[in-house]
1. Within segment 38-62, which residues are at positive phi and crowded, with 16+ Cβ neighbours inside 10 Å?
2. Name the single residue that is nearest to G58 (Cα to Cα) among those in segment 133-158 being in contact (Cβ under 8 Å) with a residue 40 or more places away in the chain and more than 14 Å from the chain's Cα centre (by Cα).
3. Give the residue that is surrounded by the fewest Cβ atoms within 10 Å (Cβ to Cβ), with candidates limited to residues of segment 64-79 that are of a type outside the set (K, R) and more than 21 Å from R53 (Cα to Cα).
4. Considering only residues that are among the β-branched types (V, I, T) and over 15 Å from the mean Cα position of the chain (by Cα), look in segment 55-100 and name the one that is nearest to T34 (Cα to Cα).
5. Please count how many residues of segment 42-87 are in contact (Cβ under 8 Å) with a residue 60 or more places away in the chain and in contact with a helix residue (DSSP H, G or I) (Cβ under 9 Å, 6 or more places away or on another chain).
Amino acid sequence: MVRNLLTRRTLLAAGAVSASTLILPTHAQALAPTRTMRGGSNNYLPGAPIVDRIGGGGFWMTGSVRRAGDGAPLAGQRIQIWAHTTEGHERDPHSHGATLTDGNGEFRLEMPQIVPAFGQAHGHLAYDDDAYETVFLRPVMASSKDTTLHADFVLQPA
């Protein structure tokens with residue numbers, strides 16, 4: 001005979017254990033640095049200018065930049081962005097631009113709509129300054145109809 005093990009007492013005990021684990025302090029774990037993604041550096045152009053917007057806009061690239069280890073937000077970090085868009089190929093200089101992170105380590109840059117290249121709609125982002133190790137990202141969009149793409153960087157000091 002199989003007995004139902006879910007009784008009021010076992011549920012209350014399980015709830016007490018779950019609640020107590022929420023109250024106990026957790027140990028901070030070091031935040032691992034972001035690894036460069038394969039294909040992320042394709043068509044990279046060193047020194048892309050800092051811009052208010054790339055082309056006519058309509059699409060938003062967003063993200064954050066944090067320091068490896070403690071996860072502190074990094075203000076004033078240069079992030080270069082480029083993509084294959086409705087206005088040009090990712091190899092075209094006018095399809096590249098850079099922006100700086102704000103006081104919360106966040107960035108946001110408007111650009112033309114990203115369109116599929118080699119079968120995938122994707123963007124390219126790079127942290128390419130001297131204070132931290134260079135990281136190239138190539139996030140793929142869930143749908144080519146999306147109007148935003150988000151990418152986060154966790155940087156390792158150089």
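Every number in this text was worked out from the coordinates using simple rules, so none of it is lab data. Everything quoted here is computed from the prediction, not taken from an experiment. All Cβ positions, even for glycine, are placed from backbone atoms using ideal geometry, and neighbour counts span all protein chains on display.
1. N43, G55
2. T147
3. Checked segment 64-79; the qualifying residue surrounded by the fewest Cβ atoms within 10 Å (Cβ to Cβ) is D70.
4. T85
5. Narrowing segment 42-87 to residues in contact (Cβ under 8 Å) with a residue 60 or more places away in the chain: 42-44, 46, 58-68, 71, 74, 77, 79.
Still in the running and in contact with a helix residue (DSSP H, G or I) (Cβ under 9 Å, 6 or more places away or on another chain): 43.
Residues flagged as in contact (Cβ under 8 Å) with a residue 60 or more places away in the chain and in contact with a helix residue (DSSP H, G or I) (Cβ under 9 Å, 6 or more places away or on another chain) within segment 42-87 amount to 1.
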